[in-house]
Number of protein chains: 2
Amino acid sequence: MPYGDLDQLAINTIRILAVDATAKSNSGHPGAPMGMAPVSHILFNKFMTFNPKNPDWLNRDRFVLSNGHGCMLQYALLHLFGYALSMDDIKNFRQVDSITPGHPEAHDTPGVEVTTGPLGQGFANAVGLAIAQAHSAAVFNKPGYDLINNHTYVFFGDGCAMEGIASEAASTAGHLQLGNLIAIYDDNHISIDGDTAVAFTEDVMKRFEAYGWHTQWVEQGDTDLDAIEAAIEKARQVKDKPSVIKLTTTIGYGSELQGTHGVHGNPLKSNDIKGVKQKFGFDPEKSFVVPQEVYDMYHKHADEGAAAEEEWNKLFAKYKEEHKELGADLARRLTRDLPEGWQEKLPTYKPSDPAIASRKLSESVLEAIHDVLPELISGSADLTGSNNTRWKKAVDFQPPSTGLGSWEGRYMRYGVREHGMAGIMNGMSAYGTIIPAGGTFLNFVSYAAGSVRLSALSHQRVIYIATHDSIGLGEDGPTHQPIETLAHFRALPNIMVWRPADGNETSAAYYMALTSKETPSIIALTRQNLPQLEGSTLGDAIKGGYTALENEGAQITLVSTGSEVSIALEAVKYLKEKKNITARVVSLPCWEVFDAQPKEYKLKVIPDGIPSLSVEVMSTMGWEKYSHEQFGLNRFGASGPYKEVYAKFEFTPEGIAKRAVATIDYYKEVKPLRSPINRAFLQLI
Amino acid sequence: MPYGDLDQLAINTIRILAVDATAKSNSGHPGAPMGMAPVSHILFNKFMTFNPKNPDWLNRDRFVLSNGHGCMLQYALLHLFGYALSMDDIKNFRQVDSITPGHPEAHDTPGVEVTTGPLGQGFANAVGLAIAQAHSAAVFNKPGYDLINNHTYVFFGDGCAMEGIASEAASTAGHLQLGNLIAIYDDNHISIDGDTAVAFTEDVMKRFEAYGWHTQWVEQGDTDLDAIEAAIEKARQVKDKPSVIKLTTTIGYGSELQGTHGVHGNPLKSNDIKGVKQKFGFDPEKSFVVPQEVYDMYHKHADEGAAAEEEWNKLFAKYKEEHKELGADLARRLTRDLPEGWQEKLPTYKPSDPAIASRKLSESVLEAIHDVLPELISGSADLTGSNNTRWKKAVDFQPPSTGLGSWEGRYMRYGVREHGMAGIMNGMSAYGTIIPAGGTFLNFVSYAAGSVRLSALSHQRVIYIATHDSIGLGEDGPTHQPIETLAHFRALPNIMVWRPADGNETSAAYYMALTSKETPSIIALTRQNLPQLEGSTLGDAIKGGYTALENEGAQITLVSTGSEVSIALEAVKYLKEKKNITARVVSLPCWEVFDAQPKEYKLKVIPDGIPSLSVEVMSTMGWEKYSHEQFGLNRFGASGPYKEVYAKFEFTPEGIAKRAVATIDYYKEVKPLRSPINRAFLQLI
Ligand SMILES: [Ca+2]
Ligand SMILES: [Ca+2]
């Protein structure tokens, strides 16, 4: 169908909404929306299927704006198509407590699939969404029931194209031959520093070809609507590889400053705004104007989407009759609830059970639960044998043509791409049918910090399996031994950082990680063996902290995590034998979960009246919240057999006892000696 | 010259040393050394110029092992060529306090240029070393004085090739046309997860071509020594672009398990070791054997390197006569001392000076000092106008053919590549003639966490200019507002995290960052304006913390940083007026520097007897070290005008005062009320 005036009007309406909103807030990025309005119009109105009245419909096409600073583009589209995003919301762009924040946030705004803005993230998310689609299609689609066949579209700019995370994700997507993934590269030759010639002169399409993508170039992305349509159509026909379309556009198209970075991150000047409106046939004196025919056209398409969903709902109803088990499984997954009774599969341990590394305990959990939790997809950033992330009978998620696995496979080979893995997992989780878990060494979760932050901010149930969690990894040495890592992620809001001390605590970590629908988890696990504790139970450990050893008349509380809990328990014996001092031990595998317990409980665990000493073989930062004094490691570690490294830094019963004695002595005269659980006021959360 | 038996003997000696050392330590990676011994032999013995007796000689060729887990390869080479790394050191591989740790650490081991192991880092470091070479050559070389013309060689494996940081650095290197950079890709088709076919099927050479690199492929990397030599020779002749050689090798060449991941990260079994030795004509019963003729050959090459240095020293002596100023400048730079009196250029401020955003104050520092510190090279990850990292007359570091700058240019356009930038800066710093400073938003320093950690671990004087340091950035919202970031880097050893409150503190941050030869710095700077404080001086601020407002009879100390110090000072007035409470204020712009002050001083700043309350608009984590109670933000921020965002979270004089009252009340009855500066015992550092 040839494009006409109404199409152009719609395109210009999008542009002008972006101009008006950034002007009103005196903040934001008009340039990308103005440049990408044409392709957005075609994509949303011609190709994408979605129902604005139900943004959660499973089989909707997914749209990701990886260049999230252009979010007024997305907000304009959502508004025009009839999502629950009003013109007042547009007028409140970038205002406190609005649903139109400065970058798109999935949990704030209906129709926003993933939280973007930090560059490169959305691209990786899109790869994850496409993986989830391919996997879910393989699991659920049956003859006559093409239930899950949506496309994932992602827009990205030069900034995303430069980011390493996008390179990692693009290489992964090429390897995985993700045919339903279509990326549109806004090739406008401008980034914040000006012309991309100053730093970015590579041949982007050639690079994508090297990754195994299908590539196209639309030279006149501002005006050649037919070419844009043809390219998207062609990309949809390519089923054996992901597609990228390089779309050469003019940033800020229509502005006096078009084609310059002056229009990237600043509202247009008022003269310029008037000029743009005149050029596009709008009244220069009016703002936030949407011609009714634009609404009408877009609402018509939205109605088609609603009808498509209705059809789909019927199909799914029939599917649930014919494929009862699968249908029930899919319906359940969409609630994000786990199957009833699944937790009975979690391993539990007695003190007499053998000492085992917690990375192996984690493996036992995966082995035990993978059958009852079909939504769990494990994987590793090329450390499968070290992270112990793979259950024995796991099948790789691989294109069947590789002969290495299948689309139904539930084990991801992420390659040595930690940041890409994390960004991909955020997308997999956002799809709605999958719980992704991915492994690397704890130290290299830091490579993924940008994405881990977004797991937390955007409420994704993603599980980071982080092995080799301390100097206890031994010989690999300081380059691999985390010091600051737990402090880093404990300081990040809305993420659970677990460091289990034994088997029951490891099961507890998984229980909480899997049942917390809106919170990601990092589970820090040892390379070295750990004994099963006397005092641990799954029920205690899911409180995040508990008394691992009570002792009447205790003079000090030792508060510890992970591999140091058993050393602290040894220290109790040493203190009694050598110093006649009575001590008690608290295991605190997850601060965030412990913090959420009633104060009364927390005060029983870390009581008033006696001092407490924290024991953890890494940065002491933050331990003051739970202890009066801190024994840790505020320096880099050392390369050597782990027992020798522990001894070098005095993480031995003697070393702990020495500091316990000093702590008791120091606090003798302080009255009242309050538990650090007591505070003068509550924090804002 | 044709290769003969002695060459093969040397190659096999390297292999067997790696086998013996990993066997003795029962830990480590024999596979990469066995596969890369041939190219190492040719590179080190035929091409590289270096003097093992002086690993610091400026014009030495640089070698980087980006696949640092193969460090026994490097240790073997260093030993054989006569560096201060004895056979006993080899035997102590991966033992506590040895100079042969599990991954190469530059400050531990003579001849190791940069600290590698975390994958991809060495590749970026090599790009930085090559940039430093190109820049230093442009600055110092004169007709007849080709003083600085070394090559930088880097080995990298599949792991590095998959990492985003290497992609970023490779794209940068291609753009910069770094002709003296030669990368050798160990294409052995194996990573920890097995065959690279499971995750890594892209065309790596095509990707490098897309970046603008010259590419070659040596198909028989195990045996075709002539082809290896020819490829390196060819790469050296290519002067207008960086070169990469894909070298197809067999991991663990010679082992029964060669070509499998079984030989990647585990010592060979004893049978296998015997077999390898027999195959290579070594006595299977002996270990750590080096044939004298191998020593002789390598020592001869080392002698040639020593002679080359002697020639160079003569040339440099003559240069210092003829080009007095430049000669003196280069000689000074090599000491890492700054020019005498440079600090007099640092701006200082009076309270009556206007309020200025600290990112602008930082710009003023750069403007003021860039002339006296020619070794300072600034730059930004595509946020030049936002980071304010560029002095007015700065020239870009660019290949002259681009018409955008010159090799002498001192401003780097890193592109949107934070991790690459940081890894490149580590390499630039390691070169020895440059102090790199690079900008991004504080929130996106997290993208670079892997490299920032190595700045700290490897003692590089790198400066991170981190603007938009809090919710004070306003409208960009939670995706861009740091919460956990300062806690993260404060928990990292050997790095200064500065958050200056005004102009004098900003100058102090730069003073310390520039004069600390072995410590990197992060300088967190505001987007919003800050008033010049009454109580601040450069002399006080370089102590990391000082009393910004003393008040006789104070009932509470408010401890704060950056943009919150002036709000805390307002709170003091509010407390006096509304509550008749007397408060004092401490500014603590850098914990690490404050920690290093004498205890007596610290106790004057945060005294016994009255409670203290910290005020910082991000995670409270760690503030317990300096305060009894903490006012912070342990949740994500909000998108909106910054004053409204501050008000939403009660970071106002009233909000602070409310918490100060609660704190005073809570600690009224505690006796003795000790300053948190007092501790029961000292930490290990
Ligand atoms: Ca762009
Ligand atoms: Ca490899």
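Quick notes on this one:
- Only listed residue being under 33 Å from the mean Cα position of the chain (by Cα) and closer than 22 Å to residue A:622 by Cβ, chosen from B:612, B:627: B:627
- Some residue of the range B:149-163 being outside any loop (DSSP other than H, G, I, E, B), surrounded by fewer than 22 Cβ atoms within 10 Å (Cβ to Cβ) and either more than 16 Å from ligand 2 (Cβ to nearest atom) or at the interface with another protein chain (Cβ under 8 Å from one of its Cβ atoms) (or both): no
- Taking every residue in the range A:174-191 that is farther than 27 Å from residue A:261 by Cα and more than 14 Å from chain B (Cβ to nearest Cβ) and pairing it with any residue that is more than 14 Å from ligand 1 (Cβ to nearest atom) and open to solvent by 10 Å² or more (accessible area, probe 1.4 Å), at least 6 positions away or on another chain, the pairs with Cβ-Cβ distances below 7 Å are A:179/A:238; A:179/A:239; A:179/A:240; A:179/A:241; A:180/A:133; A:180/A:134; A:180/A:151.
- Close pairs from the range A:35-55: first in contact (Cβ under 8 Å) with a residue 24 or more places away in the chain, partner aliphatic (A, V, I, L, M) and outside any helix (DSSP H, G or I), Cβ under 7 Å, at least 6 apart: A:35/A:251; A:39/A:184; A:39/A:247
- Scanning the range A:249-260 for residues that are open to solvent by 30 Å² or more (accessible area, probe 1.4 Å) and touching a strand residue (DSSP E or B) at 6+ places or on another chain (Cβ under 6 Å) gives no hits.
- Residue satisfying condition, being in contact with a His (Cβ under 7 Å, 6 or more places away or on another chain) and surrounded by 18 or more Cβ atoms within 10 Å (Cβ to Cβ), within set B:527, B:584: B:527
- Test: residue in the range A:638-649 that is among the hydrophobic types (A, V, I, L, M, F, W, C), within 10 Å of chain B (Cβ to nearest Cβ) and free of Cβ contacts under 8 Å to residues at least 24 places away in the same chain: yes
- Here residue B:231 meets each of (1) away from every other protein chain (no Cβ under 14 Å); (2) open to solvent by 60 Å² or more (accessible area, probe 1.4 Å); (3) without any contact (Cβ under 8 Å) to a residue 60 or more places away in the chain; (4) not in a loop (DSSP other than H, G, I, E, B) with one exception, condition (2).
- Subset tally (residues that are within 16 Å of ligand 1 (Cβ to nearest atom) and over 23 Å from the mean Cα position of the chain (by Cα)) for the range B:173-221: 0
Yes/no per residue for (1) crowded, with 20+ Cβ neighbours inside 10 Å; (2) at pLDDT 95 or above; (3) within 22 Å of residue A:484 (Cβ to Cβ); (4) not aromatic (Phe, Trp, Tyr):
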residue: A:603; (1), (2), (3), (4): no, yes, no, yes
residue: A:610; (1), (2), (3), (4): yes, yes, no, yes
residue: A:638; (1), (2), (3), (4): yes, yes, yes, yes
residue: A:641; (1), (2), (3), (4): no, yes, no, yes
residue: A:649; (1), (2), (3), (4): no, yes, yes, no
residue: A:670; (1), (2), (3), (4): no, yes, no, yes
residue: A:673; (1), (2), (3), (4): no, yes, no, yes
residue: A:678; (1), (2), (3), (4): no, yes, no, yes
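- Residue check, residue A:334 at pLDDT 95 or above, under 19 Å from residue A:463 (Cα atoms), part of a helix (DSSP H, G or I) and in contact with a strand residue (DSSP E or B) (Cβ under 8 Å, 6 or more places away or on another chain): no
- Of the listed requirements (1) over 24 Å from residue B:168 (Cβ atoms); (2) crowded, with 16+ Cβ neighbours inside 10 Å, residue B:404 misses just one: (1).
- Of all residues making up the range B:427-444, the number that are open to solvent by less than 10 Å² (accessible area, probe 1.4 Å), more than 9 Å from chain A (Cβ to nearest Cβ) and in a helix (DSSP H, G or I): 5
- Residues in the range A:660-669 that are over 22 Å from residue B:623 (Cα atoms) and within 8 Å of another protein chain (Cβ to nearest Cβ): 3 in all.
- Single residue of the range A:322-336 satisfying the filter (free of Cβ contacts under 8 Å to residues at least 40 places away in the same chain and closer than 24 Å to residue A:429 by Cα) that is most open to solvent (accessible area, probe 1.4 Å): A:325
- From the list B:263, B:244, the one residue that fits, being open to solvent by less than 10 Å² (accessible area, probe 1.4 Å), closer than 21 Å to residue B:66 by Cβ, within 14 Å of ligand 2 (Cβ to nearest atom) and within 14 Å of another protein chain (Cβ to nearest Cβ), is B:263.
- Looking at A:173, A:183, A:169, A:137, just one residue is away from ligand 2 (no atom under 16 Å from the Cβ), assigned to a strand (DSSP E or B) and of a type in the set (Gly, Ala, Ser), and that residue is A:183.
- Residues that are free of Cβ contacts under 8 Å to residues at least 60 places away in the same chain, out of contact with any Ser or Thr (no Cβ under 9 Å at 6 or more places or on another chain) and at the interface with chain A (Cβ under 7 Å from one of its Cβ atoms), drawn from the range B:670-684: B:670, B:671, B:679, B:684
- Meets criteria (of a type in the set (S, T, N, Q) and more than 14 Å from every other protein chain (Cβ to nearest Cβ)) for residue A:494: no
The values are calculated or read from the model by the stated rules, or taken from the named source; none is laboratory data. On a predicted model such as this, the values are computed, not experimentally measured, just so you know. As a convention, Cβ positions derive from the backbone with ideal geometry for all residues, glycine included, and neighbour counts pool all protein chains shown. Calculation scope for accessible area: heavy atoms of the full protein, side chains included, ligands and nucleic acids excluded. Shrake-Rupley method; radii C 1.70, N 1.55, O 1.52, S 1.80 Å.
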